[in-house]
Amino acid sequence: MLIRKSDMINRTNRNFIFLIAVILFSGQAAGQVGNNTVGWGVEPLEISRVAAAGWQFLKLPTDARSAALGGIKSAIGHGNANSAFNNPASASDITGSDIQLSAMNWVADIQYNSISYVQNAGAWGTFGINCIYLNYGDMVRTKVAQGFDALGNDIGIVPITEGLPTFTAHDLAAGILYSRRITEFLQVGGSLKYTEQQIDDAKMGSWALDIGTLYWTGIGSLRISMLGKNFGPDGEFLTYEGRIAQAPAMVKMPMIFILGAAYDIVQPNNDSRQRLTLAAEYVKPNDGPDKANVGLEYFMFSNIYFRGGYRFNYDEESYTFGFGVEYSVDDDIKVKMDYAYANVGRFKYVNMLTFGFGF
């Protein structure tokens, strides 16, 4: 019996969509079970898991495009080198070489930078290297000692900062990426990274893995994505010798599961190069309540982008917006610049810039 290629593709599409529906239904059913009463009229205690994990810098936006789209990471598609930080499956969209550099002044003047380089190796797939560095700046050292007022009276044990030097702290994540287009419809990718946090002379290191998929359903431009981020072992600060009586607790990775979808409401054609993309994703972290991100990207005149988004169920973050421009120097070199503005509630706002070069 002969099976046509189109029949196999349609069957694959139906199976994948069915799998997504099962996952969504399972998550909803689990939530309903968690809301059941314990006994006659007795409601269960709410558990939010807040502060159950460390390594929080891994949750920060890594590029201006994602930041302007409400933090969308999974299914937006049309990837570049920053896909290494978002959905590594999208890195297979790159046809040659791509490099992206981002800078953001986070709250409290914390400087955050990232760089990523990706190279398409043809039949071998797509490879990349990337790095994130967050610098907390100089902070005044504090010690606890016996204190005295201006008249020499003993005021007990107090914190003292006068005359003491400063110290600093930083976070680091450096990794490698591999991505591949398995079929016309399915892209997969993964990123393995070494992570490090240091405050003064106390350092903690570990590693983490991101795994992502991007599936083009064949229903127009609809694509669906499943993404797991920051899967790795716990870390522990090991350089506190002689300064505290008990070693710190193990610090868990902020593992996140993301299910997303995107659709091009307006698609490019022979008469117009415009594209309007709507994307949304459900975010389930291991250290807090479930969240959702929504973003809209409008591409026009072949080189201008306008973006906006909203982040739901976050403590301070809410609306975002931004824009981008790209310019082809010649047929082989493309220069890109993206900007994002993100509202962070009581911390006001943050700005982010990303510069990219495609070859």
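Derivation of every value follows stated rules applied to the coordinates shown; laboratory data play no part. Everything numeric here is computed off the predicted structure, so don't read it as measured data. Cβ placement follows ideal geometry from the backbone for every residue including glycine, while neighbour counts extend to all protein chains displayed.
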Original post:
How many nm is it between the label spots at L164 and F301, if each spot is 7 Å from the Cα in line with the beta carbon?
Top reply: 5.5
Original post:
Once phi is turned into θ = phi - 60°, what whole-Hz ³J(HN,Hα) does the Karplus curve with 6.51, -1.76 and 1.60 give for every residue of region 178-194, x standing for Gly and Pro?
Top reply: 9, 9, 8, 8, 6, 9, 4, 9, 10, 10, 10, x, x, 9, 10, 9, 8
Original post:
How big is region 209-359 in terms of Cα radius of gyration and Dmax, in angstroms?
Top reply: 20.2, 72
Subject >> For region 61-66, 3J(HN,Hα) per residue [Karplus equation, 6.51 cos²θ - 1.76 cosθ + 1.60, θ = phi - 60°, Hz, x = Gly/Pro] >> reply: x, 9, 8, 5, 5, 5
**OP:** Starting at the first residue of region 311-317, write each ³J(HN,Hα) from the Karplus equation 6.51 cos²θ - 1.76 cosθ + 1.60 with θ = phi - 60°, in whole Hz, x for Gly and Pro.
**Re:** 10, 9, 6, 9, 5, 10, 6
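How do W207, W106 line up, fewest other C-beta atoms within 10 Å first? Write out the running numbers ahead of the final one.
On the way: W207 16, W106 19.
By the 10 Å Cβ count, ascending, the order reads W207, W106.
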**OP:** Sequence neighbours fewer than 8 away in the same chain don't count; with that in mind, list the aspartates and glutamates whose C-alpha is under 20 Å from K193.
**Re:** D63, D98, D171, D210, D234, E236
Original post:
Taking the alpha-carbon set of region 116-200, what are its Rg and Dmax in Å?
Top reply: 25.0, 81
**OP:** Could you please rank V344, V158, V335, placing first whichever residue has the fewest other Cβ atoms within 10 Å of its Cβ?
**Re:** V158, V335, V344
**OP:** Grab every C-alpha pair in region 154-218, bin the distances at 10 angstrom width from 0 up to the longest one, and report whole percents.
**Re:** 16, 24, 20, 16, 11, 7, 5, 1
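To make sure I understand, if each residue's beta carbon is the centre and we count other beta carbons within 10 Å, what order do H170, H78 fall in, fewest to most? Write out the running numbers ahead of the final one.
Details: H170 17, H78 14.
By the 10 Å Cβ count, ascending: H78, H170.
Please pull out the direction-averaged projected area of region 55-358, using the convex hull of its alpha-carbon atoms, in nm² to one decimal place. Display every interim value, and only then the final one.
Numbers: hull surface 76.6 nm².
In nm², the orientation-averaged hull projection of region 55-358 is 19.1.
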Original post:
S272 to Y194: extension gain in nm, 0.36 nm per residue of separation minus the Cα-Cα distance?
Top reply: 23.7 nm
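Applying 1/(1 + (r/R0)^6) with R0 = 51 Å to the Cβ-Cβ distance of I129 and N153, what FRET efficiency is obtained, to the nearest 0.05? Display every interim value, and only then the final one.
Numbers: r = 60 Å, r/R0 = 1.18.
With a Förster radius of 51 Å, E is 0.25.
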Original post:
Contour minus end-to-end for D201 and I219, with contour as 0.36 nm per residue of separation and end-to-end as the Cα-Cα distance?
Top reply: 1.0 nm
